[in-house]
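Shown next, in structure tokens, is the structure this report addresses.
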Amino acid sequence: FARRNAQGIGNFWVDMTRSTLYILLPLSLLLALALVGQGVVQTFNSYQTVNTLEAVSYSTPKLDVDAEGKPISETVTTQTQTLALGPAASQIAIKQLGTNGGGFFNVNSAHPFENPTPLSNFLEMLAILLIPAALCYSFGVMVGDTRQGWAILAAMTLVFVALIFVTVPAEQSGNPALVALGVDQTATAQQAGGNMEGKEARFGIVNSALWAVATTAASNGSVNSMHDSYTPLGGMVPMWLMQLGEVIFGGVGSGLYGMIVFAIVAVFIAGLMIGRTPEYLGKKIEAFEMKMAAIVILVPPLMVLAGTAFSLMLDAGNASIFNPGAHGFSEVLYAWSSAGNNNGSAFGGLSANVPFYNFWLGLAMLFSRYWLIIPVLAIAGSLAAKKTVPVGPGTLPTHTPLFAVLLIVTVLMVGALTFVPALALGPIVEQLQMLKP
């Protein structure tokens, strides 16, 4: 957008070196030190065996069998425990700031060695959104009008906040089926209340739901609670955020260019309505840019919906579903949404570590990433080669609240029209089943 009549769009290695040395490494060092200060483990020592406060007894199978052929077990009593250690803090800082996800420990940021305190929880959530949000302002500076960056950031933030106010009440309201069993789900000074299944007691409902929204708004995938245990409506929001293309903040850089593609579509729609050639930041939006934008918008839904249908048609795809009915469908849809949009979080009720899902989800990740990068670079090259069109009386202002609303509507309409039918078969129908008397 900032270049005129240019024959290139820069040097990849220069950009990567600068972003790594000047942004990612310094921020990772600072965050790692802060996490160590909060008690996140950081050591190259081997695992430590410690004495527990109480002795623990458990049954363990022996190699022998009894006369009936049944395995024989024996009771073992121990008062020691092996603690898993390692350079966790440095890895967590890198993966949170780089919106990668995954966890040093199996339960990710629900583990007390990875996320021990409310402050560490806040810092890790902040790291997820920090660079993607800051890049909106950077974009405004680079194109010479910071208002453009603020408009994009406002659109992202409004959707983000609105969906938080869907997820938190859905989880805080709890599960009616547990009420019938006499389970107290009321929020009090002694308990968080609501649907606490799959959540850490030290984080409660709000911090868990906030993390779930943040990690799927960005292409992060780290979790501090298990999304599979959310209420149907509460679990649908993280799923839908991924299905929107992870443009609500999104990954480091990828969320911004995804939202800019939607901005190009928005100005194209507005240009059709007012009968003028669409323009964005002084560059005419023509047929080539719209074709490339269409590829960016359509490839992930194609991978997600076709992949979900493909999995459910085959015995190999159904064999890993451990929950029947609508929730099992949601697990498969979530897995493909996560892979097709480069997230990494999961509904744990689906065992994806089998040859079928390892191969096909891996292929979806590879295909979706490259077929977004290529058309986005094509758009960049086309715009860089164009002349800048002077602002005229018919130019649509793209820094106003009105344009931010138009951008939000464009993103939501694409997401709604594409995925609501599939969501109706999964979390929506499951929510209705949960609420029925």
Practice task
Determine which single condition Ala177 fails, assuming it passes every other condition in (1) out of contact with any strand residue (DSSP E or B) (no Cβ under 9 Å at 6 or more places or on another chain); (2) surrounded by 15 or more Cβ atoms within 10 Å (Cβ to Cβ).
Solution key: (2)
Problem - Residues of region 400-430 classified as surrounded by 18 or more Cβ atoms within 10 Å (Cβ to Cβ) and either within 21 Å of Val296 (Cβ to Cβ) or not hydrophobic (A, V, I, L, M, F, W, C) (or both), total - result: 15
Problem - Tabulated pairs, region 96-119, first at positive phi, second small (Gly, Ala, Ser) and assigned to a loop (DSSP other than H, G, I, E, B), C-beta under 6 angstrom, 6+ apart or interchain - result: Thr99/Ala218; Thr99/Ser219; Thr99/Gly251; Gly101/Gly221; Gly101/Ser222; Gly101/Gly344; Asn108/Ser222
Exercise for the section: Kindly indicate which of Ile295, Ile260 is surrounded by 19 or more Cβ atoms within 10 Å (Cβ to Cβ), farther than 20 Å from Asn358 by Cα, among the aliphatic types (A, V, I, L, M) and more than 18 Å from the chain's Cα centre (by Cα). Expected result: Ile260
Problem - Candidates Arg202, Arg147, filtered to the one that is touching a Gly at 6+ places or on another chain (Cβ under 7 Å) and basic (Lys, Arg) - result: Arg147
Completion exercise
Considering region 109-141, residues that are among the polar types (S, T, N, Q) and under 21 Å from Gly255 (Cβ atoms), and then whichever is surrounded by the fewest Cβ atoms within 10 Å (Cβ to Cβ), we arrive at Ser138
Exercise for the section: Scan region 312-340 residue by residue and report those that are surrounded by fewer than 24 Cβ atoms within 10 Å (Cβ to Cβ), without any contact (Cβ under 8 Å) to a residue 60 or more places away in the chain and in a helix (DSSP H, G or I). Expected result: Leu312, Met313, Asp315, Ala316, Gly317, Asn318, Gly328
Problem - Candidate set: region 197-225, residues that are aliphatic (A, V, I, L, M) and buried (at least 20 other Cβ atoms within 10 Å of the Cβ); chosen: the one farthest from Gln172 (Cα to Cα) - result: Ala218
Completion exercise
Scanning region 262-296 residue by residue, the ones that are without any contact (Cβ under 8 Å) to a residue 12 or more places away in the chain and at positive phi total 1
Fill in the blank from the handout: Of the residues in region 179-235, those that are acidic (Asp, Glu), in contact (Cβ under 8 Å) with a residue 24 or more places away in the chain and more than 23 Å from Gly328 (Cα to Cα) come to Glu200
Practice task
Answer yes or no as to whether Thr99 is closer than 30 Å to Tyr280 by Cα and crowded, with 21+ Cβ neighbours inside 10 Å.
Solution key: yes
Completion exercise
Note on Thr277: of the conditions (1) over 27 Å from the mean Cα position of the chain (by Cα); (2) under 17 Å from Leu423 (Cβ atoms), unmet is (2)
Practice task
Only residues in region 342-371 that are touching a residue at least 24 places away in the same chain (Cβ under 8 Å) and part of a loop (DSSP other than H, G, I, E, B) count as the first member; pair them with residues that are acidic (Asp, Glu) and surrounded by 19 or more Cβ atoms within 10 Å (Cβ to Cβ), Cβ under 6 angstrom, at least 6 apart or cross-chain, and list the lot.
Solution key: Phe347/Asp228; Phe347/Glu331; Gly348/Asp228; Gly349/Asp228; Gly349/Glu331
Practice task
Pick out the one residue from Gly328, Gly251 that is among the small types (Gly, Ala, Ser) and modelled with pLDDT of 90 or more.
Solution key: Gly328
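The values are calculated or read from the model by the stated rules, or taken from the named source; none is laboratory data. These numbers come from a predicted model, not from an experiment. Here Cβ is always computed from backbone atoms with ideal geometry, including for glycine, and neighbour counts include all displayed protein chains.
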